[in-house]
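Encoded as structure tokens, the structure appears first; notes follow it.
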Amino acid sequence: MRNRTNLNNIFLIISIFEILTVASSLLEAKTEEKVDSCVECHRQQDALLSNPVLVWEKSIHMENRVGCADCHGGNPASRDNAMAEEAGFIGVPVPQQIPALCAKCHADVKKMRQFNIRTDQFAEYKTSIHGKMLFEKGDAKVATCISCHGSHEIRKTNDPASPVFHSNVPATCGKCHSDPDYMKPYGIPTDQLSEYKQSYHGKILFGEIHGKNRALVPNCADCHGIHGAIPPGGGEVANVCGNCHSVVLKSFREGSHYTALENSGVPKCIDCHGNHKILYPGIEMFKDACSSCHDAGSIPLTVADEMADILEVTRKKAELTESSLEIIKDSGRNIDDLVLDMSKVTNNLVKSKTITHTVDLEKVKGLMTEAQGSLSNIDKKVEEIRSDVQKRKKFMFTAVGFLGALIVLLYIRFLMRPE
Amino acid sequence: MKKILKKLVDVEWKELLKTGLEKRFNFSFEAQGARIRKFLITPVAEQFSWLNFFGIVICLLFVILLITGLSLALYYKPIADDAHLSIKYIMNSIPSGWLIRSIHHWASTLLFIFVFLHFWRIYFTGAYKYPRELLWFIGLANLALVFLFGFTGYLLPWSNNSYWSTQIMTSEIKDIPLIGDYIMLFIRGGEGVGSGTLTRFFVSHIVILPGLFLAITGIHIWMIFRQGLTKWKSVSPKNYRYSVSVMLLDINILIFVLFALLISLSVFIPAGLGDIADPLRMPAKIIPAWFMMPIYNLYKFFPREIFIFNRGTLFAMSSSVIILLLVLLPFLDRNEQYNPLKRSVIAVIGIAGLVLLLFLISYGTGR
Amino acid sequence: MPLFKDILNRRDFIDWLGGAGFFVSAWIIGKPLLKFLFPPSNVMEIGGSKIAVAKLDDIPEGRSKTVLYKNVPVLVINTRAGMAAISGVCTHLGCYLVWDYLKQQVACPCHLASFNTKGEVLSGPPPAPLSRYNVEVVNGKIYLTGFL
């Protein structure tokens, strides 16, 4: 019996040992699979070499298991020979390599469909100024994918920390385009960013004007194109602006300025409103912008003056009526209906800003005459209320006079008292 | 049929009514009529002058406020936003609504002015001296009540300015040491100024304060009848017999003058109504009611901290001192002199106080 | 009422004048006060949290009316599914909205925005939907009682 027990014990010990070995080998195999020697090694290096790892860990590529080797090549499984040329290691890619490198995945429809990302970036880039200069002239100073999106710290475009987030785009473009020394060989202006910052669009984008939706204003890419960046051509400007300002474009197409644009290429939107420093349009545009093309004393300038005139007159009249409504607000008559009538006038005044783009004096006159008609009606009713108030004063004078007479009567009665 | 009619016509209805009432209530019209006639020809005290009319004007104004206020209360709705809308409705849609509300507004302003005039008259002519100390206390109580009337009434239109000035004034109360928090909670009916405050102020304004005011004024007038006017040479002696009936004539003239004044003020400067109260939007300039300006400016005058005392404590201490001095005035000023020209100390203090008060009312226009 | 022939001397005449004057002055003061106490019948009531803004007869089916509710224009629309009340101010640039009877939509005449009767943006530049108000119809009168 002792022998049997001993034998059983030995078998038990051996099987336990075997299970443990197999288990550990399985575990080892798993950890062995997860070895990314690039990350492991570079993380232990000093700042310059470890930085890519640290920022990559926060990126969208890390979340989707796009590792170092997917761009740089090499064999991450091997600890000793990860940066092997036979394994495809290319080191730090040169700028000319980068667009094709990114396009390896990002132009592959099958790969990108699951993430719902577009795949035409590379094709567009090739048509852009940046692309043309990079591929045809070999200029390595132009923007490539990593200039805007970053190389290791790539984030989604709707992440506010991304350099291509909607409100970060101007600063990203400005990194090169506002640097006069960098842009010297190209001979293009470098004031776009500073002008944009002064514009109405820029002020909304950078949060200086409140109450407006930042996501709706254009940044550089919205007008110039994202990957196929080219400044819009002469005939294209109206359509680019009209993407948002659709009703204005519609009005513009009805007018003589559009015919002129089709025939001679001017005026484009930017000729009157500016391209980067677009300010909120005011009545002074009729003086400044029109005379830049039209001669003094010509018919178009007369039309412009008349238009400015009637717009200003109507606006002033509306202001006066508005203030008179404010004054008689509590004079004893319900003025709700007058306030509603005033709202129709406000509508006309807002519409007039669009209609001026038809440069059709009759249309503007029609709108403003309608507004002035409503204003006169309101003024008439205000006058009625005022005359009511005057009537009250008359009533008061008679009442006070009567009371005065009574007081005199009482005094006479007092004088006639019996002693 | 004819007989019944004849019987009806033959009866002396007036006589029937007279004897019927006399029997039931145990009095006689003749006797009462004689008493009234005798009262009407009694001469009023010789020293009665135009100065003594201020108190009468106060009573007249109070009656006017009562009537107009009651009419307004028929349309007013004491619920947060509806209060403002109901007053707008009164001003714009109800016939003569603007007139009744404006009369109420101007009568309250005149009430404050005449209360001030009455107070200074009593002070300068020494009518608080022995034996009239109790009258003085009752009068001070009336003064406090009038202030409370104004304070509660100012919130009722629920306009942005009145909401925020009430907010500021009631939060100043919190700074009073020890009991400040409790007083503020009681006044506000909640943590901040809101619909609870409005209900409290409305009930105070139309039930509690009028009741108190009528009772206290009643006691005030009864005491005056009991003790008579102060005995000093009249300001403007009359050379004719000034009986009660002549005084009633003067009061009649006063009523007409008041009406004329109120109507003209209401037509030329109707009561205004600002924006609706918006607890989320504090206006750039908050101007408390003009009668609250002395208290407000006095509070602001103190620095935020001196030694261990904060502003509220300093304000509470100083106003307690002032109130104490006022209340104890009859005991501090014991000489028998009534003529203000012969009581230089009192006169100087009085004029200084008057100037200070006018300055405090007009200084600044709010934060 | 003393007759004129009873007045023999100036004093009684003055007394009579005074009496008449008193009544006239009472009428001058009292008439506005009396008129005040009787509310007008054709004016809309306000009260509690319900404010009457229109009569049901004013708005046929498929049509709408713009009213002022607490100083804000509100579109009251008689849709097939009942009454709807939405803010009458466009959330784009503040133009006042109109009801397009043919399309049965709310339209903004300034930049061609359109909303449905629930205030949701159907097309155009407005960034936000319109706020909706709670409507009650009682006894042929339309009441707005605050936000929905």
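Using a 10 Å cut-off on Cβ to Cβ distances, tally the other chain neighbours for every residue of B:265-272 and report the average as a whole number.
On the way: counts 1, 2, 10, 4, 0, 5, 1, 2.
Whole-number average of other-chain Cβ neighbours for B:265-272 is 3.
Would you pull out the residues with amide H under 5 Å of B:S243's amide H, same chain only if 5 or more places away, H placed 1.01 Å from N?
B:V44
³J(HN,Hα) across region A:308-316 via Karplus (A = 6.51, B = -1.76, C = 1.60, θ = phi - 60°), whole Hz, x for Gly/Pro?
Whole-Hz 3J(HN,Hα) from phi for region A:308-316: 4, 4, 5, 5, 5, 4, 5, 5, 5.
Find which of A:Y186, A:A87, A:I14 sits farthest along the positive direction of the dipole of chain A, computed with +1 on the beta-carbon of Lys and Arg, -1 on that of Asp and Glu, about the Cα centre.
A:I14
Leaving out same-chain residues fewer than 8 places away, which aspartates and glutamates sit with a Cα under 20 Å from that of A:K175?
Correct list for A:K175: A:D139, A:E153, A:D159, A:D191, A:E195, A:D222.
Need one value for A:394-402: mean number of C-beta atoms belonging to other chains within 10 Å of its residues' C-beta atoms. Let's see the in-between values first.
Numbers: counts 1, 5, 8, 3, 1, 9, 9, 1, 6.
The per-residue average across the peptide is 5.
GNM on chain A, C-alpha springs below 10 Å: top fluctuator among A:L48, A:L134, A:L403?
For chain A, modelled as a Gaussian network with Cα springs under 10 Å, the answer is A:L403.
Averaged across the residues of C:89-95, what count of C-beta atoms belonging to other chains lies within 10 Å of each residue's C-beta? It would help to have the intermediate numbers written out before the result.
Details: counts 1, 2, 1, 3, 2, 4, 7.
Averaged over the peptide's residues, the number is 3.
Fewest to most neighbouring Cβ within 10 Å: what's the order for A:D70, A:D36? Present the calculation step by step, with values, prior to reporting the outcome.
Details: A:D70 13, A:D36 16.
Sorted ascending by nearby Cβ count, the order is A:D70, A:D36.
So what J values fall out for region B:39-46 if you push phi through Karplus, 6.51 cos²θ - 1.76 cosθ + 1.60 with θ = phi - 60°, rounded to Hz, Gly and Pro as x?
Once rounded to whole Hz, the list reads 4, 5, 9, 5, x, 6, 3, 5.
Let me spell out the model: positive unit charges on the Cβ of Lys and Arg, negative unit charges on the Cβ of Asp and Glu, origin at the Cα centre of chain A. What dipole size does that give, in debye rounded to 20?
Working: 49 positive and 52 negative charges, 295 e Å.
The dipole of chain A has a size of about 1420 debye.
What is the spin-label model distance, in nm, from A:S50 to C:A20 if the labels are put 7 Å beyond Cα along the C-beta direction?
The two pseudo-label positions are separated by 11.2 nm.
Along its principal axes, what span do the Cα atoms of region C:36-128 show, with the longest given first and each in whole Å?
The Cα atoms of region C:36-128 stretch 51, 27, 20 Å along their principal axes.
So if I place +1 on the C-beta of Lys and Arg and -1 on the C-beta of Asp and Glu, and nothing else carries charge, what would the dipole magnitude of region C:24-117 be about its Cα centre? I want it in debye, nearest 20. Don't jump to the answer; show the numbers that get you there.
Details: 9 positive and 5 negative charges, 38 e Å.
In debye, rounded to 20, region C:24-117 gives about 180.
Straight-line reach from C:K31: which lysines fall under 20 Å, measuring Cα to Cα and dropping same-chain residues less than 8 apart?
C:K31 reaches A:K391, A:K393, A:K394.
Around C:N134, which amide H atoms from residues at least 5 apart in sequence, or from another chain, sit under 5 Å from its own amide H, with H modelled in the peptide plane?
Those lying under 5 Å, H to H, from C:N134 are C:T145, C:G146, C:F147, C:L148.
Determine, at each q value in 0.11, 0.12, 0.13 (inverse angstroms), the log₁₀ of I(q)/I(0) that the Debye formula gives when each Cα of chain B is one equal point scatterer.
Relative scattering, expressed as log10 I(q)/I(0), comes to -0.93, -1.06, -1.19.
Set the bar at 18 Å for Cα to Cα. Now go through A:K110/A:K156; A:K141/A:K184; C:K65/C:K118; B:K88/C:K70 and name every pair that lies beyond it.
Values: A:K110/A:K156 20 Å; A:K141/A:K184 12 Å; C:K65/C:K118 16 Å; B:K88/C:K70 11 Å.
Going by Cα-Cα distance, A:K110/A:K156 fall outside the 18 Å limit.
How big is the dipole moment of the protein assembly as shown about its Cα centre under a simple scheme where the beta carbon of each Lys and Arg is +1, that of each Asp and Glu is -1, and everything else is neutral? Debye, nearest 20, please.
In total the dipole reaches around 5340 debye.
For the charge dipole of the protein assembly as shown, defined by +1 on Lys and Arg C-beta atoms and -1 on Asp and Glu C-beta atoms about the Cα centroid, which residue among B:M1, B:S318, A:I230 has the Cα displaced farthest towards the positive pole?
So the residue furthest toward the plus end is B:M1.
Could you tell me which residue out of B:I176, A:T259, A:C145 lies farthest along the dipole of the protein assembly as shown toward its positive end? Charges go on the beta carbon: Lys and Arg +1, Asp and Glu -1, centred on the Cα centre.
Of B:I176, A:T259, A:C145, it is B:I176.
Only Cα pairs within less than 10 Å get springs; with that Gaussian network setup on chain C, which residue of C:S123, C:S87, C:S131 has the largest fluctuation?
Highest fluctuation of the listed residues: C:S123.
Show me, for region B:135-144, the HN-Hα J-couplings you get by feeding each phi into the Karplus relation (A = 6.51, B = -1.76, C = 1.60, θ = phi - 60°), rounded to Hz, glycine and proline as x.
Once rounded to whole Hz, the list reads 4, 4, 4, 4, x, 5, 4, 4, 4, 4.
Collect residues whose amide H, placed 1.01 Å from N in the peptide plane, falls under 5 Å from the amide H of C:A54; neighbours closer than 5 in sequence don't count.
C:I142
For region B:131-173, what D do you get in µm² per second when you plug the Kirkwood radius from alpha-carbon pairs into Stokes-Einstein at 25 °C and 0.890 mPa s? Before the final figure, lay out each step's value.
Values: Rh = 11.9 Å.
Answer, rounded: 206 µm²/s.
Are there GluC sites (Glu not before Pro) in region A:184-242 that DSSP marks as loop and that have at most 14 other Cβ atoms within 10 Å, and which are they? Mind dumping the intermediate values first?
Details: sites: A:E195, A:E208, A:E236; in loops: A:E208.
For GluC sites (Glu not before Pro) across region A:184-242 that sit outside H, G, I, E and B with at most 14 neighbouring Cβ atoms in 10 Å, the list reads A:E208.
Give me the extension gain from A:S291 to A:D70: residue separation times 0.36 nm, minus the current Cα-Cα distance, reported in nm with one decimal.
On the way: separation 221, 0.36 × 221 = 79.56 nm, distance 5.91 nm.
Taking 0.36 nm per residue and subtracting the Cα distance, the gain is 73.7 nm.
Of B:P270, B:P294, B:P279, which is the most mobile in a GNM of chain B whose springs link Cα atoms less than 10 angstrom apart?
B:P279
What's log10 of I(q)/I(0) for chain A at q = 0.06, 0.07 Å⁻¹, Debye sum over Cα points only, no solvent?
Debye curve over Cα of chain A, log10 I(q)/I(0) at q = 0.06, 0.07 Å⁻¹: -0.52, -0.62.
Fewest first, what order do B:S320, B:S165, A:S151 take by the number of other Cβ atoms within 10 Å?
The most exposed by this proxy come first: B:S320, A:S151, B:S165.
Going through region B:303-367, which chymotrypsin sites (Phe, Trp or Tyr not before Pro) have at most 16 other Cβ atoms within 10 Å and a DSSP loop state?
On the way: sites: B:F307, B:F309, B:F315, B:F331, B:Y338, B:F359, B:Y363; in loops: B:F307, B:Y338, B:Y363.
Here the sparse-neighbourhood loop sites are B:F307, B:Y363.
When N counts the residues of the protein assembly as shown, how does its alpha-carbon radius of gyration compare numerically with 2.2 N^0.38 Å, as a ratio?
Against the empirical 2.2 N^0.38 Å value, I get 1.48 for the protein assembly as shown.
What distance in nm separates the two pseudo spin-label positions at A:E208 and B:D278, each 7 Å out from Cα along the beta-carbon direction?
The answer from the label model is 2.6 nm.
Return the distance in nm (one decimal) between the two label points of a simple spin-label model at C:V98 and B:R241, each offset 7 Å from Cα along Cα→Cβ.
Taking the two extended label points, one gets 8.3 nm.
Any aspartates and glutamates with Cα under 17 Å of the C:K103 Cα? List them, leaving off those in the same chain fewer than 8 positions away.
C:E61, C:E120
Can you put B:R188, A:R315 in order, fewest other beta carbons within 10 Å first? Show your work: numbers first, answer last.
On the way: B:R188 21, A:R315 16.
Starting with the residue having the fewest Cβ neighbours, the order is A:R315, B:R188.
Only the coordinates and a few stated rules stand behind these numbers; no lab work does. Fair warning: this is a prediction, and the values are worked out from it, not measured in the lab. Note that we place each Cβ from the backbone using ideal geometry, even for glycine, and neighbour counts take in every protein chain shown.
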